[in-house]
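Encoded as structure tokens, the structure appears first; notes follow it.
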């Protein structure tokens with residue numbers, strides 16, 4: 001008698017660029033390689049093609065709506081899909097999809113796992129209720145120790161259900177040896193870099209809390225030669241870009257700092273950097289970019305809070321700055337710029353080993369699939 005091939009459905013708002021989206025694609029690939037059927041349901045996005053390539057079936061449904069008056073209709077449409085595909089387990093990756101899909105777990109008698117990718121801030125009661133849906137499943141995945149603490153402080157009664165599974169980096173995708181020279185040359189032209197001048201890269205979406213102004217201010221205090229590229233800042237609206245440009249002009253950094261749009265070849269862009277900075281003002285739930293930098297053998301610098309504190313050991317595989325002192329960020333960047341080649345290489349090698357051992361894509365997928373199997377086994381009892 002052949003072993004049952006379980007069907008797992010992951011549901012998330014959309015499939016655009018982001019850590020949640022990449023995680024879903026990576027888990028989907030692991031599922032199909034390990035004798036599972038993989039289904040993903042979202043409102044769509046350019047990463048759909050990656051799902052098709054790894055053998056996953058994608059359904060486009062408006063599961064990202066926050067309008068509760070639409071949830072019942074979408075839930076009915078979702079139920080048809082889940083029944084048709086004979087889904088055995090639901091993995092809900094955000095709040096709006098969770099509110100829509102969670103009731104179907106009990107209706108269809110299948111286990112539900114939720115992932116928490118954001119901090120539960122202590123806000124009003126309505127926000128707490130909205131967040132609470134991510135604590136209702138049979139198991140909860142927290143993507144970092146930081147998120148684990150956040151859940152426990154807000155919803156202490158669900159502590160026993162939390163499983164810490166750090167996000168992982170695809171070590172093939174972020175392997176310097178796998179990035180062809182043609183890609184690097186193409187990105188160098190896009191970024192318009194000057195030869196023989198150290199490159200500082202910040203790659204983030206255009207949001208002020210990501211720390212753009214903090215970094216620009218910190219750079220104004222550095223006397224050493226450098227050029228800095230703010231990847232993603234060019235995606236911001238006119239008002240956002242004006243604030244940054246005005247600050248750059250005021251601090252006389254026009255020749256050193258530039259704004260560019262996000263790129264789909266972030267690996268080739270990052271390989272051109274000497275230092276990768278993540279100056280987020282509020283703690284990042286995880287901060288995947290600093291791990292991707294480490295996988296490439298680059299030096300990451302971040303503020304000492306949130307996920308970055310878990311993935312960087314100051315002075316060994318990167319640098320951590322005091323989150324309330326801009327001067328501290330300047331000092332850490334200056335220190336990194338001053339490193340001799342052998343010291344830079346030593347940090348880079350330690351960084352690669354850190355990611356390979358503790359934060360690999362394979363490790364994340366293995367732990368997630370193990371949790372799927374555990375929930376399926378316990379639910380059948």
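Only the coordinates and a few stated rules stand behind these numbers; no lab work does. Just so you know, these numbers come straight off a predicted model, no measurement behind them. Cβ sites come from the backbone with ideal geometry, for glycine too, and all protein chains shown count toward neighbours.
Legend: calculated FRET efficiency, residue 152 to residue 239, from the Cβ-Cβ distance at R0 = 56 Å, rounded to 0.05, equals 0.90. For the chain, the longest principal axis of the C-alpha atoms and the axis of helix 361-380 are separated by about 20°.
With a simple spin-label model that places each label point 7 Å from the Cα along the Cα-to-Cβ direction, the separation between residue 196 and residue 335 comes to 2.9 nm. All C-alpha to C-alpha distances of the stretch 1-109, sorted into 10 Å bins beginning at zero, yield P(r) values of 15, 50, 30, 5, 0 percent in whole numbers.
Give me the number: length gained by fully extending residue 325 to residue 60, i.e. 0.36 nm times residue separation minus the C-alpha to C-alpha distance, one decimal in nm. Write out the running numbers ahead of the final one.
Values: separation 265, 0.36 × 265 = 95.40 nm, distance 4.51 nm.
So the chain would gain 90.9 nm between residue 325 and residue 60.
Quick one: plug the Kirkwood hydrodynamic radius of the stretch 176-358 (C-alpha pairs) into Stokes-Einstein at 4 °C, 1.567 mPa s, and report D in µm²/s. Walk me through the intermediate numbers first.
Numbers: Rh = 16.2 Å.
Taking Rh from Cα pairs, D becomes 80 µm²/s.
By the compact-protein rule of thumb, 2.2 N^0.38 Å, the alpha-carbon radius of gyration of the stretch 53-141 corresponds to a ratio of 1.11. Sorting 131-143, 291-303, 205-217, 92-104 by average packing, meaning the other beta carbons within 10 Å per residue, from highest down gives 291-303, 92-104, 131-143, 205-217. Footprinting exposure proxy ranking of 368, 313, fewest other C-beta atoms within 10 angstrom first, gives 313, 368.
Packing-based ranking of 270-278, 351-359, 76-84 yields 270-278, 351-359, 76-84, ordered from highest to lowest mean Cβ neighbour count within 10 Å.
Dividing the convex hull volume of the alpha carbon atoms of the stretch 112-198 by its residue count, what do you get in Å³ per residue? All intermediate terms of the calculation are to be shown ahead of the outcome.
Details: hull volume 16.1 nm³, N = 87.
About 185 Å³ per residue, rounded to a whole number.
Against the longest alpha carbon principal axis of the chain, how many degrees, from 0 to 90 and to the nearest 10, is the axis of helix 341-358 turned? Tilt of helix 341-358: around 10 degrees. All distinct Cα pairs of the chain go into the 1/r average, and the inverse of that average, the Kirkwood radius, is 21.9 Å.
The share of Cα pairs per 10 Å bin across the stretch 263-363, counted from zero up to the longest distance, runs 17, 51, 30, 2 percent. Largest first and in whole Å, the equivalent-ellipsoid semi-axes of the stretch 209-260 read 18, 11, 10, each the square root of five times a Cα gyration tensor eigenvalue.
The ranking of 370, 262 by Cβ neighbour count inside 10 Å, starting from the fewest, reads 370, 262. Each peptide in 250-258, 56-64 was scored by the mean count of other Cβ atoms within 10 Å over its residues; highest first, the order is 56-64, 250-258. With respect to the chain, whose longest principal axis is taken over its alpha-carbon atoms, helix 238-250 is tilted by about 30°.
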